[in-house]
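In what follows, a single structure is set out as structure tokens and then discussed.
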Amino acid sequence: MSAAEATRLDHGDDVGGMETLRQGLRVSPELARGWLVTGLLALTMTGGRIVIPIAVQQTIDKGLTGAGGPDMSYVAWMCLLCMGGILVTAFASYLTTVRLATNSERGLATMRIKAFRHVHDLPVLTQSTERRGALVSRVTSDVDTVSQFLQFGGFIFLVSLGQMFLATIVMFVYSWQLALVVLVCFLPLFASLRYLQRKMSAAYGVVRAKVGEMLSAIAEPVVGAQVVRAYAIEKRTQERIDASIDDYRRTATRAQAITGITFSIGGLAAGLANAGVLTAGVLLGVDRQATLGEILAFMFLVALFSDPVQIATQVLTDAQSAFAGWRRVLGVIATPADVVDPGADGVVQRRGPITVEFSDVDFAYPEGDLVLRDVDVRLEPHRRVAVVGETGSGKTTFAKLLTRLMDPTSGAVLIDGVDARSIAFSSLRERVVMVPQDGYLFDSTLADNVRFGRPDVSDAELLDAFESLGLTDWLESLPDGLMSPVGQRGESLSAGERQLVALVRANIADPDLLVLDEATSAVDPGTEVRVNAALERLMSGRTSVTIAHRLSTAEAADEVLVFDQGRIVERGPHADLVSAGGVYTHLHASWIAQRSAP
Amino acid sequence: MCSRVPLPRVPDKGSVTRRGFAVLRVAIYEEPWVFAFSVAASMLYGAMTVADGWALGWATDHVIRPALERGDTTFGAVASLVSLFLGIAILRAIGVVGRRIGAGVMQFRLQATYRRRVTRQYQKLPLEWHHQHPTGQLLSNANADVESAWYPIAPLPMAVGVIAMLAFATAAMFAADVWMALVGCLIFPLVFVANVIFQRTLQPLATRAQELRADVSEVAHESFDGALVVKTLGREAAETERFTQPTNALRDANIAVNKARGMFDPVIDGLPRVGILAVLLVGVGRVRSGQADAGDVVQVAFLFTLIGFPIRALGWVLGELPRSVVGWDRVQRVLTASGGLEYGEEKLTSTGAARLDVTGIRFGYLPERDVLAGVDFTIEPGRTVAMVGPTGSGKSTMTTMLTRLVDPEEGAIKVDGIDLRSLARGELADSVALVAQTAFLFDDTIRGNITLGGDYPDELVWDALRIAQGDGFVKNLPSGLDTKVGERGTTLSGGQRQRIALARALVRRPRLLVLDDATSAVDPQVEARILAGLRSAVQGERAETTVLVIAYRKATISLADEVLFLDEGRIAAQGTHLELQEKSPEYRELVDAYEKDAERRQEEAELAAELDDLDSEGASA
């Protein structure tokens, strides 16, 4: 993975807001569905908020202090009208919320699914395990942040902005002088908003970092319980935990204090505006330039004005992280997949004996040195090939190219003479199957796991697959047979048993070419024998390539490919190579020393 | 913790609300002063909110109206107006800041206190307890559950302040006019009830969304972890289908949450507005009949505006109670769990290699099945002993007992003749080091992971790494010993992690070293070098370390002076490797499994060759 790609996966493309919006709409077109109607409804909904100040002004000027004393029927009619307004507003508010939520949630779900599907095409997923957590965040918490923001902050903020706008208009209609007074009183708040918001963002950024530190400290006595006890470092561990808990408490309290102060400033500005409006109002009213109703209506309008300003700081902070999350998800979707399915144009091959040819293949990771060079080799059908070499010699890369988990930097991998890149994935994955070192199991039953590659096979066929690998007795030894739960990652089974499941899974998939990455980790000898017997049966009648870590595998192969520093340096049957005095002879000698120690 | 009266008890049964209030009582008990402070601040805020309404009414009747009617005003009147409103605003702001900071301090202090208690309990509870609980659950007990237990603390002071505010407001309204006050007495309870219904409707919906978020995350984790299998079997589309189900369910759950919000929000927002209209209507009638002033109408209407929002705080607290109770119960399950090892007073004073006596050890994870059923053996100081046995024979259990992570049910383990149970806390770790098969590394530097905070100079650390065959790769890391484990680009392989864990044990120069298949993930060639290094290190001029090694590979076993063969919960045979091969067929079978396998291949290959020959003969005939 290149540095540029890494950045993109972590932060998204460094593009402006409009570009993110454009990309986002392209990925989730649902977001813009029916926006005109929603917009009109939202406008209606905000309109309802200014009903009350107007009602107050009307009641006081026309109903209470009108020429003929209190006018009951005028007030009654007006209240009825306002009541209607409030009802319409409430209904519009319901419709707006539901429409906005439905569209945005649908859009986000679409984006989540697209991102998930795309991640499976990214080479980074299988190449660097440490990045997996980040990729999971892209389709989980990042999308959730956007959704939560829309739920809690987004709608409210939009409505509040509209409310402020309308309140300003009404103020100017009543009295431009008083409106100016209000704006001047709020000016210091507007001016400091950006500053306060930045302080709040920074404070919450620190809080998030401290949460992470605290979580990893808390994990120590849980995940590492054995080590902590065996080395009697409980005190040190607790000190680290206490320090991180306290750090978090301090920063969280600080962030809370900043929020509190910000909110109170909004209240102060409102108080200042009230005092200003009343003073100016009295002075204007004395000159008959403002009525009592207008002055009092302003008090209600100021309340409409100060609430949005108070929540704005909080919402802006949330908006920032929501936007960043959105950009990160879009960044993942925009990252090109380097192994692409030719799809409908792809060649669909006939099943049967398979020939694989590497033609002048070089491979380098982006911005890295060549890890495989000038590989030129042809593997005939029904042969059993073992690939050996020291760690880092290129043998794993060879297997990944063979299964098209990656594409060569130059040269081509040909399957029955056809470039693997032009074969449809569905056809290729049917013919070529790799059994990885650790056969990952999903948290489900044994049956679900073995039929993972072909969900349509019957239980009878499953039993046959166990039988043909000589595993019926093992299957019967399990309490619930095929329905036995395997646990998370298959942890209810031993490492050796997981390998057995992976082999049955490959047997069900029934490929023409079997690529095996032999497990290095220790399996208890009993299971080991079973695994080897099953392997033997799985490989018979098939072309197979095994990345061998064990001597016996190389010995039993028809042909051994010896890798050294990215090249095939030797090739031939074990018997020929062992006495040739080359790399293989050396490897063999150290194997022997290992195995036949007294 | 506290020497005062014991903590208030949260009843085990009863309605969620009742239990929730009991949890709140605990919170108040834990932080009485902070609570008192924030409630005082909140009451100031409540009083000043009501004062705002009163001030407007007063100003209308005593300053604004007279001025407008007379067409003149005085400086004093205006000055009193300004100072009244500014004064109230300032006091109110002080109340808001005090309330918010107080609530924050209280909430975060409670979180910290309970996190400390929970993690202390994790350290105290026996390893068996840990094994009975999934890691994820324990982490969320200390984090998310503590957090949700104290969620209602954030709005609690405000809610208490609001109750005061409502009392003041009611008084103020009745003082202004009885009829208008009655409108308030109708509207405010309605707003409150609407809030409670809203929160109670929302809670289950929000909980469901939360659960679905976890489902989505689980599928994503699993699918990405198993990416290689997914890819090699071409199941990307099927996996996407599997991911689509919880994603769409989450989408629908989120929409349901929003629908509830969309339904209740206009009602809760609208009720005070309807109330204001009613107040205007009633008020005009009262003014007409001369029983109220315009100022009274304005005051009550303004109060409705001011109180409409804060009254929601009551709903927030009540709405959070169910979640709080769930969090509290989960935390309590940890805090009330019992168990833990008792320690004695004895010290280990000897300096050379340790002697180990194991007598009559009996232990079982399940009541009816003993894993170890009477294990006896002795290891003389300085010897290197291999323990061999089939899977499930109790080898790992044995190692955890030697380091006293677990105590045997029967029998005794003695180091230098002293029973482990009578040793003082921390005493054993100075003498005995265990390296387990799965190497746990801390979120720390390589150095920190080896020294674990102990005072070891770098030369000793490098020495330990050299024997563990880890000096090479550590030197090549970007910052050497100072490289942080797990930072980007420095992810270590299983074998490298094992070597660091081994160095961690070696740097302590333990008098008894216990290796539980500790080099399983290391390349066989490297393993050979580690074993050779270990042999010369621990068995140099003067053997200072006794070694017990659990082994599968023959080369590992060959390191030993003696082999203990553990089978069916007992030491079935004991002696040198060659002796055991002579006298125990089971042992022979076990350690020869690899070789047998290799031989079998050989035979099959020969057979296949013969068949090929026959085929070709047949063909040529």
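The values are calculated or read from the model by the stated rules, or taken from the named source; none is laboratory data. Given the structure is predicted, the values throughout are model-derived calculations rather than measurements. Methodologically, a virtual Cβ is constructed for each residue, glycine included, from the backbone with ideal geometry; neighbour enumeration extends over all protein chains shown.
How many residues are touching a Gly at 6+ places or on another chain (Cβ under 9 Å) and at pLDDT below 85 if we restrict to region B:229-247? Break it down into steps so the answer makes sense when it comes.
Going residue by residue through region B:229-247, those that are touching a Gly at 6+ places or on another chain (Cβ under 9 Å) are B:229, B:232-235, B:239.
Checking the rest, the ones that are also at pLDDT below 85 come to B:229, B:232-234.
Total satisfying the criteria: 4.
Yes or no, residue by residue, for (1) at the interface with chain A (Cβ under 10 Å from one of its Cβ atoms); (2) in contact (Cβ under 8 Å) with a residue 12 or more places away in the chain; (3) of a type outside the set (Asp, Glu):
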site	(1), (2), (3)
B:Pro390	yes, yes, yes
B:Ser393	yes, yes, yes
B:Thr397	no, yes, yes
B:Leu402	yes, yes, yes
B:Leu405	yes, yes, yes
B:Leu420	no, yes, yes
B:Leu428	yes, yes, yes
B:Asp443	yes, yes, no
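Those helices (runs of 4 or more DSSP H) of region B:547-594 in which at least 1 residues are of a type outside the set (D, E, K, R) and modelled with pLDDT under 80, considering only elements entirely within it, cover B:554-558, B:585-591. Checked against (1) at pLDDT below 90; (2) more than 7 Å from chain A (Cβ to nearest Cβ), B:Val282 meets all criteria but (1). Can you find even one residue in region B:297-316 that is over 25 Å from B:Met43 (Cβ atoms), of a type in the set (Ser, Thr, Tyr) and not assigned by TED's automatic domain parsing to the domain that holds B:Ile153? For region B:297-316, residues over 25 Å from B:Met43 (Cβ atoms), of a type in the set (Ser, Thr, Tyr) and not assigned by TED's automatic domain parsing to the domain that holds B:Ile153: absent. Per the listing A:Val385, A:Val435, A:Val375, the residue uniquely among the hydrophobic types (A, V, I, L, M, F, W, C) and more than 23 Å from A:Asn532 (Cα to Cα) is A:Val375.
Among the residues of region A:459-494, those identified as away from every other protein chain (no Cβ under 11 Å), touching a helix residue (DSSP H, G or I) at 6+ places or on another chain (Cβ under 9 Å) and among the hydroxyl-bearing types (Ser, Thr, Tyr) are A:Ser468, A:Thr472, A:Ser484.
Here A:Ile245, A:Ile311, A:Ile261, A:Ile295 are screened, and the one residue that is within 32 Å of the chain's Cα centre (by Cα), over 30 Å from B:Asn449 (Cα atoms) and of a type in the set (Val, Ile, Thr) is A:Ile311.
Scanning region B:246-291 for residues that are among the β-branched types (Val, Ile, Thr), in contact (Cβ under 8 Å) with a residue 60 or more places away in the chain and within 22 Å of B:Asn195 (Cβ to Cβ) returns B:Val267, B:Ile268, B:Val274, B:Val279.
When we screen B:Ile187, B:Ile197 for residues that are surrounded by fewer than 18 Cβ atoms within 10 Å (Cβ to Cβ), assigned by TED's automatic domain parsing to the domain that holds B:Gly275 and among the aliphatic types (A, V, I, L, M), the only hit is B:Ile197.
Counting the residues of region B:116-152 that are without any contact (Cβ under 8 Å) to a residue 40 or more places away in the chain, over 30 Å from B:Ala36 (Cβ atoms) and not small (Gly, Ala, Ser) gives 9.
When region B:91-124 is limited to residues that are more than 7 Å from every other protein chain (Cβ to nearest Cβ) and either modelled with pLDDT under 90 or within 30 Å of A:Leu278 (Cα to Cα) (or both), the one that is nearest to the chain's Cα centre (by Cα) turns out to be B:Lys124. Scanning region A:276-324 for residues that are more than 14 Å from A:Phe152 (Cα to Cα), assigned to a helix (DSSP H, G or I) and of a type in the set (Asp, Glu) yields A:Glu294, A:Asp307. Exactly one residue out of A:Leu304, A:Leu292 is outside the structural domain of A:Thr20 (by TED's automatic domain parsing), of a type in the set (A, V, I, L, M) and within 20 Å of B:Asp61 (Cα to Cα): that is A:Leu292. Filter region A:224-239 down to the residues that are in a helix (DSSP H, G or I) and either of a type outside the set (Gly, Ala, Ser) or more than 7 Å from chain B (Cβ to nearest Cβ) (or both) and list them by number. Those that are in a helix (DSSP H, G or I) and either of a type outside the set (Gly, Ala, Ser) or more than 7 Å from chain B (Cβ to nearest Cβ) (or both): A:Gln226, A:Val227, A:Val228, A:Arg229, A:Glu234, A:Lys235, A:Arg236, A:Thr237, A:Gln238, A:Glu239. Taking region A:10-39 as the search range and keeping residues that are under 16 Å from A:Thr97 (Cβ atoms) and modelled with pLDDT under 90, which one is nearest to the chain's Cα centre (by Cα)? Checked region A:10-39; the qualifying residue nearest to the chain's Cα centre (by Cα) is A:Leu31.
Applying the condition of being more than 7 Å from chain A (Cβ to nearest Cβ) and touching a Leu at 6+ places or on another chain (Cβ under 9 Å) to region B:212-251 and asking which residue is surrounded by the fewest Cβ atoms within 10 Å (Cβ to Cβ) yields B:Asp215.
Restricted to strands (runs of 3 or more DSSP E) entirely inside region A:526-598, those with at least 3 residues that are crowded, with 20+ Cβ neighbours inside 10 Å and hydrophobic (A, V, I, L, M, F, W, C) are A:559-564. When region A:376-433 is filtered for residues that are among the hydroxyl-bearing types (Ser, Thr, Tyr) and assigned to a loop (DSSP other than H, G, I, E, B), the ones remaining, listed by number, are A:Thr391, A:Ser393, A:Thr403, A:Thr409.
In region A:171-195, how many residues are buried (at least 20 other Cβ atoms within 10 Å of the Cβ) and assigned to a helix (DSSP H, G or I)?
So the first thing to find is which residues in region A:171-195 are buried (at least 20 other Cβ atoms within 10 Å of the Cβ), and the list is A:171, A:174-175, A:178-179, A:181-182, A:185-186, A:189.
Next cut, assigned to a helix (DSSP H, G or I) only: A:171, A:174, A:178-179, A:181-182, A:185-186, A:189.
Final tally of qualifying residues: 9.
Summed over region B:279-304, residues that are within 14 Å of A:Val51 (Cβ to Cβ) and small (Gly, Ala, Ser) total 1. Listed conditions (1) in a helix (DSSP H, G or I); (2) without any contact (Cβ under 8 Å) to a residue 60 or more places away in the chain are all met by B:Thr113, apart from (2). Restrict the check to region A:325-340 and report whether at least one residue is touching a Leu at 6+ places or on another chain (Cβ under 7 Å), under 30 Å from B:Gly308 (Cα atoms) and in a helix (DSSP H, G or I). No - not one qualifying residue is present in region A:325-340. Suppose we filter region A:225-251 for residues that are touching a residue at least 40 places away in the same chain (Cβ under 8 Å) and surrounded by 23 or more Cβ atoms within 10 Å (Cβ to Cβ); how many remain? Number of matching residues: 1. Is it the case that some residue within region A:498-521 is more than 11 Å from chain B (Cβ to nearest Cβ), without any contact (Cβ under 8 Å) to a residue 40 or more places away in the chain and either buried (at least 18 other Cβ atoms within 10 Å of the Cβ) or on the phi < 0 side of the Ramachandran plot (or both)? The answer is yes; a qualifying residue exists.
Residues are listed down the side, and each one gets a yes or a no for (1) under 23 Å from the mean Cα position of the chain (by Cα); (2) among the hydroxyl-bearing types (Ser, Thr, Tyr); (3) within 30 Å of A:Ser393 (Cβ to Cβ):
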position: A:Asp318; (1), (2), (3): yes, no, no
position: A:Ile333; (1), (2), (3): yes, no, no
position: A:Ala337; (1), (2), (3): yes, no, yes
position: A:Val340; (1), (2), (3): yes, no, yes
position: A:Val347; (1), (2), (3): no, no, no
position: A:Arg351; (1), (2), (3): no, no, no
position: A:Thr355; (1), (2), (3): no, yes, yes
position: A:Ser359; (1), (2), (3): no, yes, yes
position: A:Phe363; (1), (2), (3): no, no, yes
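Residues considered: A:Gly107, A:Gly48, A:Gly69, A:Gly84. Of these, the only one that is in a helix (DSSP H, G or I) and either modelled with pLDDT under 85 or at the interface with another protein chain (Cβ under 8 Å from one of its Cβ atoms) (or both) is A:Gly48.
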